[in-house]
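Remarks on the structure that follows.
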Amino acid sequence: MPASPRLYADSAVVDEVSPLLAGRLVHGVTTNPTILARGGRTAQDIPALYATWEEQGAREIFFQATGTTEEALETRAREILALGDLAVVKVPATATGFPVASRLAHEGHPVLLTAVYAVPQALAAAAAGIRYIAPYLGRLRDAGHDGLALIRAMQEQCEGSATDVLAASIRSPQDLVDLRAAGIPFLTANPAVLRDALVCEASDAAAADFEAAAG
Ligand code: G3P
């Protein structure tokens, strides 16, 4: 087994993330522009979200840089890193994003290369010393791939390097378990999926029996 597992909340809905942070159930929070939009937020809200989650005990907070040129992407990435020590900047795994991610990693900054779909991208990220890569299990499956096998192969490419796989697009508690069994230590999922992972009808029934016996 690899490193001890970590769960992250993949959401920008503060009311859903806060209980997970307060319960010390997640290590941090991951977002991207789509997640911000779904939560009714924009890039303008990033500093306030960072401050909120820092105060609530997040140990890592991920925001994504955007921009269609290396210069624009790098400028935005540096603004995100300047939020504070908990900030991890997400950069897309594109021909534009890769050199930006690699340069920032070389300077010692925490970078997550996101939307990693192909195994050679994992090798290139590990060679560049990029802290995390994020493959999307659900979206790989949507595209007809064996997502779990591909992510396992990416993990193999990262072994012995400073790069960890942080899997995303996780849509059920079983996905969490399958990824962990495939050797993926770091997992980000929507708060609803994480909440579902905590409960089981039989556990609730057992707890109800204990309460009844306790009078
Ligand atoms: O972090 C990736 C996530 O936003 C994608 O999830 O389920 O929309 O593919 P999904």
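The values are calculated or read from the model by the stated rules, or taken from the named source; none is laboratory data. Just so it is clear, the structure is predicted and the values come from calculations on it, not from any experiment. Cβ sites come from the backbone with ideal geometry, for glycine too, and all protein chains shown count toward neighbours.
See the values below:
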item	result
Answer from LEU166, LEU112 - the residue that is in contact (Cβ under 8 Å) with a residue 12 or more places away in the chain, under 15 Å from ASP10 (Cβ atoms) and out of contact with any helix residue (DSSP H, G or I) (no Cβ under 9 Å at 6 or more places or on another chain)	LEU166
Residue in region 36-50 that is under 13 Å from LEU194 (Cα atoms), among the hydrophobic types (A, V, I, L, M, F, W, C) and modelled with pLDDT of 95 or more present	no
Members of region 74-101 that are surrounded by fewer than 19 Cβ atoms within 10 Å (Cβ to Cβ) and either more than 25 Å from HIS27 (Cβ to Cβ) or polar (S, T, N, Q) (or both)	THR75, THR94, ALA95, THR96, PRO99
All helices (runs of 4 or more DSSP H) inside region 120-185 with 3 or more residues being crowded, with 17+ Cβ neighbours inside 10 Å and either among the β-branched types (Val, Ile, Thr) or modelled with pLDDT of 95 or more (or both)	147-158, 173-181
Qualifying residue in region 174-183 (condition: of a type in the set (Gly, Ala, Ser) and in contact (Cβ under 8 Å) with a residue 60 or more places away in the chain)	yes
Residue among ALA153, ALA182, ALA127 that alone is in contact with a Leu (Cβ under 8 Å, 6 or more places away or on another chain) and hydrophobic (A, V, I, L, M, F, W, C)	ALA182
All positions within region 108-119 that are surrounded by fewer than 22 Cβ atoms within 10 Å (Cβ to Cβ) and either aromatic (Phe, Trp, Tyr) or closer than 23 Å to ILE46 by Cα (or both)	GLY108, HIS109, PRO110, ALA115, TYR117
Any hit, region 203-215, residues being among the aromatic types (Phe, Trp, Tyr) and either away from the ligand (no atom under 16 Å from the Cβ) or modelled with pLDDT under 95 (or both)	yes
Every pair of residues 6+ apart whose Cβ atoms lie under 6 Å, when the first sits in region 133-146 and is touching a residue at least 40 places away in the same chain (Cβ under 8 Å) and closer than 18 Å to LEU176 by Cβ while the second is more than 9 Å from the ligand (Cβ to nearest atom) and charged (D, E, K, R)	LEU137/ASP175
Subset tally (residues that are near the ligand (Cβ under 10 Å from one of its atoms) and not acidic (Asp, Glu)) for region 113-143	10
